[in-house]
Amino acid sequence: MRLLNNPFLLVSFLAFFCCAGCQSTKSKTSADLSNIDLLRGDIALCGDPEFGELSFTISCKNSSRETFNLAVSLLHSFEYNEAEKTFVKILDADPECAMAYWGVAMSIYHALWFAPSDIELEKGSDILKVAESAPRTAREQEYLDAIGAFYDDWETLDHATRALKVEKEMEQIYQNHPDDTEAAIFYALALKSTADRSDMTYANQRKAGKILEAIFPDQPDHPGIAHYIIHNYDNPELAQLALPTARRYAEIAPASAHAQHMPSHIFTRLGLWQESINTNINSAGSAVCYAEAVNMDGHWKEEIHAIDYMVYAYLQQGDNVRAREQYDYLLGMSKFSSNSTAVAYPLVAIPARMALENRDWATAAGLELPSIEFAWDEHPWEKSLMYFARALGASHTEEFDLARQDIAVLQSLNQELLDMSDSYSANQVMIQIKACQAWLSFAEGHHEEALTLMQESADMESRTAKHPVTPGEVLPASELLGDMLLAMDKPQEALNAYEVNLKGHPNRFNGIYGAAIASQMLADKQNATMYFEMLLALDASSTSQRPELDEARTYMLKSAVGSL
């Protein structure tokens, strides 16, 4: 089911770039540009041609400045291909515009996305070498030095080290030019890009958030400020602070599929499922429109990313019908425009969620990777989600040998990630391993060992930040801990675990249901009534088929009769 509410918009600057005064002259820089595979063409975006408002001071030709501001606006909404094309248009007309080279290099960096490939890094390095002969102000040199720090020694230094160098360079620009709001905004972005995912104090995010909040009132239509507030507050502790901004950002940059999607990061953190669904419907529609407009070879990752968040939200409403509609639509896809994590993760996570959220253990145990042409060997973390679901399913269906085999695969994927020096993803897989070992031990009757392993899994997860590619864990470890305690007839401990889970994952369907059942077992009518009412409030449609909702209605009816 696809909703395409916005017409395709093709933004052309031919009149500007064909004027006699803007004709480029042959120079060393223009000649060198021809040796780099730069993106060129008209700017293709869908919807209302608004990308926000900003003013970035540059020393380039006056005729380039409005286009430069557009390019930076695109950059702030992570419309990287279109940003690069716009910066290149400036270079083709004005090859002496040093900051346009900066813009191309920034468009390749992708600060909060996955690390650029070697080909992209070489391209970014080459564009900055060409920029060396272009005139620039002292401030512009600082900007070029900052992005240059990311490309320097890219063949020998790891991504994290180079990103930290960019952060330090941007901090100096921020301190040297207190009136330069773009310096403040890009410094806030750099802080987020280097934030430690194990830092539960969110030191970098808080610092960046304060910088952005201080300037937002004076620039309420700036796309970067709104966007980066959302990214920095995309965690359970700070999400509430970003809610007004989340509801504003999609209006600031309505032509960006990513801008349409980003508010759902906060809506998901706060359990605002219908708002998440609505914004992701818009995002997926814009992504389809954009892919068609540029004749993209396959479905765009932005569409798949939006579908993942949409399915998650439908499942939390108990709406299996609409979740299944999106999954069936995904199953009909055979080709994707990239092999990125933003595609690989949903392809595995969505079927795993569909089975596990519904406690359909047999389906979970039989999951397979999608039968499409895809470089799965490049995605060990994403593949682990399937084996996690399979192992949990097999333990619950008492196929213990199969569960052990799947846990062994998880262990090999964990080692593969360690060998790749991807400690974050390796830790994610270890959380899964302990949870699967716990449920296998439980199924085999080793309850104390099982509880110890499950508690270790939950503790590890509580110290690990969620990756932005996912709306949430396929099943939170704290929720699985509550399930195990409930199965061990320990309702008070189970209720405690569910309440911890709900603090970090508000309005999760199974977390609320588990808390209701634990309260019922404790004969705590007040709490049971509260949680069952919360569960029923999640049902925003008439298409839900979850038996838990029928159980909630039955309880509420009996309680009402009993009170007469």
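The values are calculated or read from the model by the stated rules, or taken from the named source; none is laboratory data. From a predicted model like this one, the values you see are computed outputs, not experimental measurements. No Cβ is skipped: glycine too gets one built from the backbone with ideal geometry, and neighbour counts run over all protein chains shown.
Select from the stretch 502-532 the residues that are within 22 Å of the chain's Cα centre (by Cα) and either on the phi > 0 side of the Ramachandran plot or not small (Gly, Ala, Ser) (or both) and write down the one among them that is surrounded by the fewest Cβ atoms within 10 Å (Cβ to Cβ). Before the answer, list the steps.
Narrowing the stretch 502-532 to residues within 22 Å of the chain's Cα centre (by Cα): 502-509.
Now drop any that are not either on the phi > 0 side of the Ramachandran plot or not small (Gly, Ala, Ser) (or both), which leaves 502-503, 505-509.
Working: LEU502: 22, LYS503: 12, HIS505: 22, PRO506: 19, ASN507: 19, ARG508: 25, PHE509: 24.
Within the stretch 502-532, the match that is surrounded by the fewest Cβ atoms within 10 Å (Cβ to Cβ) is LYS503.
Within the stretch 411-421, can one find any residue that is among the small types (Gly, Ala, Ser), under 22 Å from the mean Cα position of the chain (by Cα), in a loop (DSSP other than H, G, I, E, B) and under 22 Å from GLU461 (Cβ atoms)? Break it down stepwise before answering.
From the stretch 411-421, those among the small types (Gly, Ala, Ser) are 412, 421; that's our starting set.
Narrowing further to those that are under 22 Å from the mean Cα position of the chain (by Cα): 421.
Then keep just the ones that are in a loop (DSSP other than H, G, I, E, B); that gives 421.
The next check asks that each one be under 22 Å from GLU461 (Cβ atoms); those that pass are 421.
Yes, there is a match, as at least one residue in the stretch 411-421 is among the small types (Gly, Ala, Ser), under 22 Å from the mean Cα position of the chain (by Cα), in a loop (DSSP other than H, G, I, E, B) and under 22 Å from GLU461 (Cβ atoms).
Please go through the stretch 533-560 and pick out each residue that is within 28 Å of the chain's Cα centre (by Cα) and hydrophobic (A, V, I, L, M, F, W, C).
MET534, LEU535, ALA537, LEU538, ALA540
Within the stretch 315-328, does at least one residue satisfy the condition of being part of a loop (DSSP other than H, G, I, E, B) and closer than 25 Å to GLN415 by Cβ? Break it down into steps so the answer makes sense when it comes.
To start, the set of residues in the stretch 315-328 that are part of a loop (DSSP other than H, G, I, E, B) comprises 317-319.
From what is left, the residues that are closer than 25 Å to GLN415 by Cβ are none.
Among the residues of the stretch 315-328, not one is part of a loop (DSSP other than H, G, I, E, B) and closer than 25 Å to GLN415 by Cβ, which makes the answer no.
Which ones in the stretch 118-157 are out of contact with any Pro (no Cβ under 9 Å at 6 or more places or on another chain), assigned to a loop (DSSP other than H, G, I, E, B) and either under 24 Å from PRO468 (Cβ atoms) or without any contact (Cβ under 8 Å) to a residue 60 or more places away in the chain (or both)?
GLU132, ASP152, ASP153, GLU155, THR156, LEU157
Is it fair to say GLU292 is crowded, with 24+ Cβ neighbours inside 10 Å and either assigned by TED's automatic domain parsing to the domain that holds ILE512 or touching a residue at least 40 places away in the same chain (Cβ under 8 Å) (or both)? Reasoning before the result, please.
Working: crowded, with 24+ Cβ neighbours inside 10 Å: no; either assigned by TED's automatic domain parsing to the domain that holds ILE512 or touching a residue at least 40 places away in the same chain (Cβ under 8 Å) (or both): yes.
Against the criterion (crowded, with 24+ Cβ neighbours inside 10 Å and either assigned by TED's automatic domain parsing to the domain that holds ILE512 or touching a residue at least 40 places away in the same chain (Cβ under 8 Å) (or both)), GLU292 does not qualify.
Residue check: is ASP401 farther than 19 Å from ALA477 by Cβ and under 23 Å from the mean Cα position of the chain (by Cα)? Step through it out loud before you land on a result.
Values: farther than 19 Å from ALA477 by Cβ: yes; under 23 Å from the mean Cα position of the chain (by Cα): no.
For ASP401, the condition - farther than 19 Å from ALA477 by Cβ and under 23 Å from the mean Cα position of the chain (by Cα) - is not met.
Considering each residue of the stretch 158-177, count those that are modelled with pLDDT of 95 or more and not in a helix (DSSP H, G or I), and give that number.
1
Just to be sure, is GLY482 over 16 Å from ARG197 (Cβ atoms), free of Cβ contacts under 8 Å to residues at least 40 places away in the same chain and surrounded by fewer than 17 Cβ atoms within 10 Å (Cβ to Cβ)? Can you show your working first?
On the way: over 16 Å from ARG197 (Cβ atoms): yes; free of Cβ contacts under 8 Å to residues at least 40 places away in the same chain: yes; surrounded by fewer than 17 Cβ atoms within 10 Å (Cβ to Cβ): no.
No, not satisfied.
Within the stretch 415-422, is there a residue that is among the hydroxyl-bearing types (Ser, Thr, Tyr), more than 20 Å from ALA349 (Cα to Cα) and surrounded by fewer than 18 Cβ atoms within 10 Å (Cβ to Cβ)? Don't jump to the end; show me each part of the working.
Looking only at the stretch 415-422, we keep the residues that are among the hydroxyl-bearing types (Ser, Thr, Tyr), and these are 421.
Adding the requirement that they be more than 20 Å from ALA349 (Cα to Cα) leaves 421.
Among the residues that remain, those that are also surrounded by fewer than 18 Cβ atoms within 10 Å (Cβ to Cβ) are: 421.
Yes, the stretch 415-422 contains a residue that is among the hydroxyl-bearing types (Ser, Thr, Tyr), more than 20 Å from ALA349 (Cα to Cα) and surrounded by fewer than 18 Cβ atoms within 10 Å (Cβ to Cβ).
Which of the following residues is buried (at least 19 other Cβ atoms within 10 Å of the Cβ) and closer than 20 Å to ARG353 by Cβ: ALA450, ALA458, ALA426? Steps first, answer last, please.
Details: ALA450 fails: closer than 20 Å to ARG353 by Cβ; ALA426 fails: closer than 20 Å to ARG353 by Cβ.
Going through ALA450, ALA458, ALA426 in turn, the sole match is ALA458.
Within the stretch 249-262, does at least one residue satisfy the condition of being touching a strand residue (DSSP E or B) at 6+ places or on another chain (Cβ under 6 Å), outside any helix (DSSP H, G or I) and not assigned by TED's automatic domain parsing to the domain that holds PRO476?
From the stretch 249-262, those touching a strand residue (DSSP E or B) at 6+ places or on another chain (Cβ under 6 Å) are 255; that's our starting set.
Going one step further and asking which of them are outside any helix (DSSP H, G or I), we end up with 255.
Then drop every residue that is not not assigned by TED's automatic domain parsing to the domain that holds PRO476, which leaves 255.
For the stretch 249-262, residues touching a strand residue (DSSP E or B) at 6+ places or on another chain (Cβ under 6 Å), outside any helix (DSSP H, G or I) and not assigned by TED's automatic domain parsing to the domain that holds PRO476: present.
Could you list all residues from the stretch 311-324 that are surrounded by fewer than 24 Cβ atoms within 10 Å (Cβ to Cβ) and either in the same structural domain as ALA537 (by TED's automatic domain parsing) or more than 22 Å from the chain's Cα centre (by Cα) (or both)?
ASN320, VAL321
So in the stretch 336-375, with the set limited to residues that are of a type in the set (A, V, I, L, M, F, W, C) and in contact (Cβ under 8 Å) with a residue 60 or more places away in the chain, which one is surrounded by the fewest Cβ atoms within 10 Å (Cβ to Cβ)?
Step one: filter the stretch 336-375 for residues of a type in the set (A, V, I, L, M, F, W, C), giving 336, 342-344, 347-350, 352, 354-356, 361-362, 364-365, 367, 369, 372, 374-375.
Filter once more, so that each one left must be in contact (Cβ under 8 Å) with a residue 60 or more places away in the chain: 342, 349, 352, 356.
Details: ALA342: 20, ALA349: 23, ALA352: 22, LEU356: 23.
This residue is ALA342.
Return the pair list, or none, for Cβ contacts closer than 8 Å from residues in the stretch 487-510 that are charged (D, E, K, R) to residues that are buried (at least 19 other Cβ atoms within 10 Å of the Cβ) and part of a helix (DSSP H, G or I), at least 6 apart or on different chains.
Every condition considered, the pairs that remain are GLU493/LEU485; GLU499/ALA515; ARG508/GLN316; ARG508/GLU479; ARG508/ASN501; ARG508/LEU502.
Quick one: count up the residues across the stretch 409-444 that are of a type in the set (Ser, Thr, Tyr), in contact (Cβ under 8 Å) with a residue 12 or more places away in the chain and out of contact with any Phe, Trp or Tyr (no Cβ under 6 Å at 6 or more places or on another chain). Show your work before the answer.
Kept after step one, since they are of a type in the set (Ser, Thr, Tyr), are these residues of the stretch 409-444: 412, 421, 423-425, 441.
When the remaining residues are screened for being in contact (Cβ under 8 Å) with a residue 12 or more places away in the chain, the result is 421, 424-425, 441.
Now narrow it down to the ones that are out of contact with any Phe, Trp or Tyr (no Cβ under 6 Å at 6 or more places or on another chain): 421, 424, 441.
Residues that pass the stated criteria total 3.
Give the residue that is surrounded by the fewest Cβ atoms within 10 Å (Cβ to Cβ), with candidates limited to residues of the stretch 157-214 that are within 19 Å of LEU75 (Cα to Cα) and among the polar types (S, T, N, Q).
Applying the filter and picking the extreme gives THR194.
Provide a single number: the residues in the stretch 215-244 that are farther than 15 Å from HIS76 by Cα and either among the hydroxyl-bearing types (Ser, Thr, Tyr) or assigned to a helix (DSSP H, G or I) (or both). Can you show your working first?
Within the stretch 215-244, the first condition is being farther than 15 Å from HIS76 by Cα, and the residues that meet it are 215, 217-218, 233-244.
Subsequent filtering for residues that are either among the hydroxyl-bearing types (Ser, Thr, Tyr) or assigned to a helix (DSSP H, G or I) (or both) retains 215, 217-218, 233, 239-244.
Of the residues in that region, 10 qualify.
Answer yes or no as to whether ALA115 is assigned by TED's automatic domain parsing to the domain that holds PHE56, part of a loop (DSSP other than H, G, I, E, B), at negative phi and surrounded by fewer than 17 Cβ atoms within 10 Å (Cβ to Cβ).
Numbers: assigned by TED's automatic domain parsing to the domain that holds PHE56: yes; part of a loop (DSSP other than H, G, I, E, B): yes; at negative phi: yes; surrounded by fewer than 17 Cβ atoms within 10 Å (Cβ to Cβ): yes.
So ALA115 passes the test.
Yes/no matrix, rows are residues, columns are (1) touching a residue at least 12 places away in the same chain (Cβ under 8 Å); (2) in contact with a Pro (Cβ under 8 Å, 6 or more places away or on another chain); (3) part of a loop (DSSP other than H, G, I, E, B); (4) of a type outside the set (S, T, N, Q):
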| position | (1), (2), (3), (4) |
| --- | --- |
| ALA44 | yes, no, no, yes |
| ARG65 | no, no, no, yes |
| SER73 | yes, yes, no, no |
| PHE78 | yes, no, yes, yes |
| ASP92 | yes, no, no, yes |
| GLU96 | yes, yes, yes, yes |
| TYR101 | yes, no, no, yes |
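Could you grab the pairs with beta carbons closer than 6 Å, sequence gap of 6+ or different chains, first residue in the stretch 208-230 and among the acidic types (Asp, Glu), second one surrounded by fewer than 24 Cβ atoms within 10 Å (Cβ to Cβ) and not in a helix (DSSP H, G or I)?
Here the result reads ASP221/GLU53, each pair linking the stretch 208-230 to a residue that is surrounded by fewer than 24 Cβ atoms within 10 Å (Cβ to Cβ) and not in a helix (DSSP H, G or I).
What number goes with the only condition from (1) surrounded by fewer than 24 Cβ atoms within 10 Å (Cβ to Cβ); (2) at pLDDT below 90 that PHE51 does not pass?
(1)
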